[in-house]
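The values are calculated or read from the model by the stated rules, or taken from the named source; none is laboratory data. Quantities reported herein were computed from a predicted structural model and do not represent experimental measurements. Methodologically, a virtual Cβ is constructed for each residue, glycine included, from the backbone with ideal geometry; neighbour enumeration extends over all protein chains shown. These accessible areas exclude ligands, DNA and RNA; they are computed on the full protein's heavy atoms, side chains included. Shrake-Rupley method; radii C 1.70, N 1.55, O 1.52, S 1.80 Å.
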Amino acid sequence: FSTRVVEGQPGEVFLVGGGDVTLTRAPGRNYYNSYASLASLAEEAVLNASPGMPLTIRPDGSRYEDFPTWNSMWRPGSAALGFIAPVTALQVDGDRDQPSVRLSSRSMNPESRATTWFAEALRVADPDRPVVVGVPGRAPSDGRVLATVQSAPIGELIRVMLVDSDNSLAEVIAREVALAQGETSVGIAIAEGRGGTIGASIQGGSGLSESTVVPHEEIARLLVDINHDESLRELKASLPVAGEAGSLRNRFLSESGELAGRIYAKTGTIRGTRSLAGYLKADDGSELVFSLNITGEGVDNSARDDIDGLIAELSRCGSGLVFRG
């Protein structure tokens, strides 16, 4: 993901978002461990801009203009709770108030905040140059590029997304999948990428919408495909690991402690649902794929113990597992 500063009319520059939520105002001291910094962008921009001329900074988040920024099915207050900010192509630190805190509060206007923070970085880079924030717009296609910073490679971003369930990264990556397929619907793009996902309703990339439904059979097929496709193995290696890493680092540590390091799986948490899907190395050395959830009124984090207990039982069955209808 690239973020650019593009020259417009004299004294006008556009901050052009490329979907990089890891763009940071605290390089090396942020949740994403990103070094794609506003400071670097500002320093390069002032070197290449016309000397001494006052600058008006205008945000350009048009890359995602055909996609909704917010889903009405997301939990109310999701931004304040630190789950996600409105999904825009231009934002900084995933719009966190505190760059290093995973569930730090977010605002409802990440594009505006990104522009304000960039203006501050420009003032630091060139204290004698007047800088003001202008209205949003679209950078000229033939405008001179004054500065560019890039995120880490997509493989590293996917690992961050999966290991700790980063919703902002999930949503921008989903939009990039849709753009690559010429689609304006994330759900259709994801389903088509799977050759058609039977019985699925996909609303966004994060799974925060309660109207997103994917059958367990489809999830299991996806896990099997990942296991058999060398080009997708990075996905498996990026999953949380029981007792060791990510959202599973503190699970399978008690009565199921013998499973630490033997489960690679993705957690899921929304109101009334707790889920887990991934890979299990059983006691007999066989590997199982699984997908399960507990859903209903009153379901809370205590349901994770039930999930973990069931997985422990599956590990004892291994290749001898038998289903009885």
Legend entry - Tally, over region 245-283, of residues that are at pLDDT 90 or above, of a type in the set (G, A, S) and under 24 Å from S319 (Cβ atoms): 6
Inset, instruction - Hey, can you tell me all the residues within region 134-190 that are under 30 Å from E44 (Cα atoms), outside any loop (DSSP other than H, G, I, E, B), touching a Phe, Trp or Tyr at 6+ places or on another chain (Cβ under 8 Å) and of a type in the set (S, T, N, Q)? - result: Q150
Legend entry - Single residue of region 135-163 satisfying the filter (of a type in the set (D, E, K, R) and in contact with a strand residue (DSSP E or B) (Cβ under 8 Å, 6 or more places away or on another chain)) that is most open to solvent (accessible area, probe 1.4 Å): R138
Inset, instruction - Please enumerate the residues belonging to region 164-182 that are buried (at least 19 other Cβ atoms within 10 Å of the Cβ) and either polar (S, T, N, Q) or farther than 20 Å from L23 by Cβ (or both). - result: S165, N167, S168, A178
Legend entry - Residues satisfying the stated conditions in region 125-134, i.e. open to solvent by 80 Å² or more (accessible area, probe 1.4 Å) and in contact with a Gly (Cβ under 8 Å, 6 or more places away or on another chain): D128
Inset, instruction - Return only the number of the condition from (1) part of a helix (DSSP H, G or I); (2) of a type outside the set (S, T, N, Q); (3) open to solvent by less than 80 Å² (accessible area, probe 1.4 Å); (4) in contact with a Ser or Thr (Cβ under 9 Å, 6 or more places away or on another chain) that L122 does not satisfy. - result: (4)
Inset, instruction - Could you grab me the full set of residues in region 57-71 that are in a loop (DSSP other than H, G, I, E, B) and either over 26 Å from G182 (Cβ atoms) or in contact with a helix residue (DSSP H, G or I) (Cβ under 8 Å, 6 or more places away or on another chain) (or both)? - result: G61, F67
Inset, instruction - Scan region 88-119 for residues that are assigned to a loop (DSSP other than H, G, I, E, B), under 17 Å from A36 (Cβ atoms) and open to solvent by 40 Å² or more (accessible area, probe 1.4 Å) and jot them down. - result: S100
Legend entry - Filter result (surrounded by 16 or more Cβ atoms within 10 Å (Cβ to Cβ) and either touching a residue at least 60 places away in the same chain (Cβ under 8 Å) or not β-branched (V, I, T) (or both)) within region 195-209: A200, Q203, G204, G205, S206, G207, L208, S209
Legend entry - Breaking point among (1) open to solvent by 40 Å² or more (accessible area, probe 1.4 Å); (2) out of contact with any strand residue (DSSP E or B) (no Cβ under 7 Å at 6 or more places or on another chain); (3) touching a residue at least 24 places away in the same chain (Cβ under 8 Å), for I188: (3)
